[in-house]
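The values are calculated or read from the model by the stated rules, or taken from the named source; none is laboratory data. Fair warning: this is a prediction, and the values are worked out from it, not measured in the lab. Glycine also receives a Cβ, built like all others from the backbone with ideal geometry; neighbour counts cover every protein chain displayed. Ligands, DNA and RNA are excluded from the accessible area calculation, which covers all protein heavy atoms including side chains. Shrake-Rupley method; radii C 1.70, N 1.55, O 1.52, S 1.80 Å.
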There are 2 protein chains.
Amino acid sequence: MAVHIMTALAYLGEKTSSELLSHTVNTNPVVIRRLLGDLTRSGLITADRGKHGGFRLARDAADISLLDIYRAVMDEQPLVSLHDNPKNTRCAVSCRVRPVLSGYLSRAQQAFEQSLAEVRLTEITQAM
Amino acid sequence: MAVHIMTALAYLGEKTSSELLSHTVNTNPVVIRRLLGDLTRSGLITADRGKHGGFRLARDAADISLLDIYRAVMDEQPLVSLHDNPKNTRCAVSCRVRPVLSGYLSRAQQAFEQSLAEVRLTEITQAM
DNA sequence: TGAAAAAGTAACTATAAAAGTTACACAATG
DNA sequence: CATTGTGTAACTTTTATAGTTACTTTTTCA
């Protein structure tokens with residue numbers, strides 16, 4: 001949903017309330033405010049409190065990538081990871097797969113993120 | 001978990017029961033059998049039923065990639081996708097983000113999968 | 001200066017997905 | 001025909017996410 005919101009903010013280009021944003025996503029304002037909180041803490045948007053408050057992009061849409069948004073919202077959790085059952089110490093595989101696999105998985109995730117990094121918010125608003 | 005199992009099968013190199021496999025992952029045999037079912041249906045392993053039954057790789061570990069395993073288990077679901085709330089027909093963004101974004105997301109997913117495709121099961125067993 | 005309009009957040013409920021469990025049918029072996 | 005395995009249905013548990021209610025704090029402006 002974060003991308004939806006960021007796109008809306010870029011598209012509208014002006015200060016917008018969580019109430020209004022919640023309508024475009026068709027959900028509850030609080031859900032949106034929680035998301036907006038993440039985006040604010042990551043420095044992608046700024047929040048004005050009080051009457052006539054609202055949110056706007058903190059910098060130009062050309063300087064915001066899909067990766068920025070993805071990272072703001074996903075808190076460091078890997079895209080896909082191995083189960084986290086305790087290892088069976090009597091099994092060589094159980095003891096050693098983890099580090100080997102996580103190397104390959106994080107490489108794949110880097111490829112994914114690299115691809116997101118190449119897309120700017122402007123590209124999305126323009127394509128609409 | 002599927003990778004863990006496939007690695008174990010490649011590592012052991014012989015017919016193995018779900019019971020035994022469940023021990024290396026430290027979980028319930030039925031959970032494992034459900035996974036083994038996916039892997040069998042995808043043609044990555046073969047299942048022998050009856051007494052002295054068990055599972056083994058259907059082809060050489062050098063011919064099985066992480067992507068093969070990933071696809072066997074994830075049933076076509078995209079890695080990350082937009083929310084699926086109904087669109088607000090009065091909002092241009094709500095109406096049009098979806099197709100635009102899904103293009104970029106599937107491109108990123110392709111990068112991810114490409115990376116997985118480059119890793120063979122042999123590489124993993126050898127690294128252990 | 002106080003009512004109004006907004007963000008921020010805590011605490012709860014609802015929903016859905018995944019994992020785990022129990023129980024049993026079916027298959028092959030010897 | 002008993003034994004040892006797979007296959008699977010049905011249920012419970014767990015966890016994460018979304019949604020909800022209710023409230024505090026901040027700012028504006030009449």
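Worth a mention:
- Members of segment A:50-72 that are assigned to a helix (DSSP H, G or I) and either under 26 Å from B:R71 (Cβ atoms) or within 12 Å of DNA strand C (Cβ to nearest atom) (or both): A:L66, A:L67, A:Y70
- Residue within segment A:87-99 that is outside any helix (DSSP H, G or I), open to solvent by less than 30 Å² (accessible area, probe 1.4 Å) and away from DNA strand C (no atom under 15 Å from the Cβ) present: yes
- Just one of (1) more than 10 Å from chain B (Cβ to nearest Cβ); (2) surrounded by 16 or more Cβ atoms within 10 Å (Cβ to Cβ); (3) in a helix (DSSP H, G or I) fails for A:A47. It is (3).
- When the residues of segment B:1-19 are filtered to those that are within 13 Å of DNA strand D (Cβ to nearest atom) and without any contact (Cβ under 8 Å) to a residue 24 or more places away in the chain, the one that is surrounded by the fewest Cβ atoms within 10 Å (Cβ to Cβ) is B:E19.
- Hey, A:I5 outside any strand (DSSP E or B), within 30 Å of A:A108 (Cβ to Cβ), within 12 Å of DNA strand C (Cβ to nearest atom) and at pLDDT 95 or above or not: yes
- Taking segment A:98-112 as the range and being closer than 11 Å to B:F112 by Cβ, touching a Leu at 6+ places or on another chain (Cβ under 7 Å) and of a type in the set (A, V, I, L, M, F, W, C) as the test, the residues that pass are A:A108, A:F112.
- Flag for B:R49 being farther than 21 Å from B:S106 by Cβ, more than 9 Å from DNA strand D (Cβ to nearest atom), at pLDDT 95 or above and of a type outside the set (A, V, I, L, M): no
- Boolean, B:V80 is within 16 Å of DNA strand D (Cβ to nearest atom), more than 15 Å from the chain's Cα centre (by Cα) and assigned to a helix (DSSP H, G or I): no
- As a summary of the residue check, A:G54 satisfies the conditions (1) farther than 30 Å from B:L12 by Cβ; (2) within 14 Å of chain B (Cβ to nearest Cβ) except for the one numbered (2).
- Selection from segment A:116-128 of residues that are outside any loop (DSSP other than H, G, I, E, B), buried (at least 20 other Cβ atoms within 10 Å of the Cβ) and at the interface with another protein chain (Cβ under 7 Å from one of its Cβ atoms): A:L116, A:I124
- Check on B:S102, under 24 Å from A:V3 (Cβ atoms) and out of contact with any Gly (no Cβ under 8 Å at 6 or more places or on another chain): yes
- Candidate set: segment A:57-84, residues that are open to solvent by 40 Å² or more (accessible area, probe 1.4 Å) and polar (S, T, N, Q); chosen: the one modelled with the lowest pLDDT: A:Q77
- Subset of segment B:103-128 (residues that are more than 26 Å from B:Y11 (Cα to Cα), among the polar types (S, T, N, Q) and free of Cβ contacts under 8 Å to residues at least 24 places away in the same chain): B:Q110
- Test: residue in segment B:20-28 that is within 14 Å of DNA strand C (Cβ to nearest atom), more than 14 Å from every other protein chain (Cβ to nearest Cβ), within 20 Å of A:H83 (Cβ to Cβ) and not charged (D, E, K, R): no
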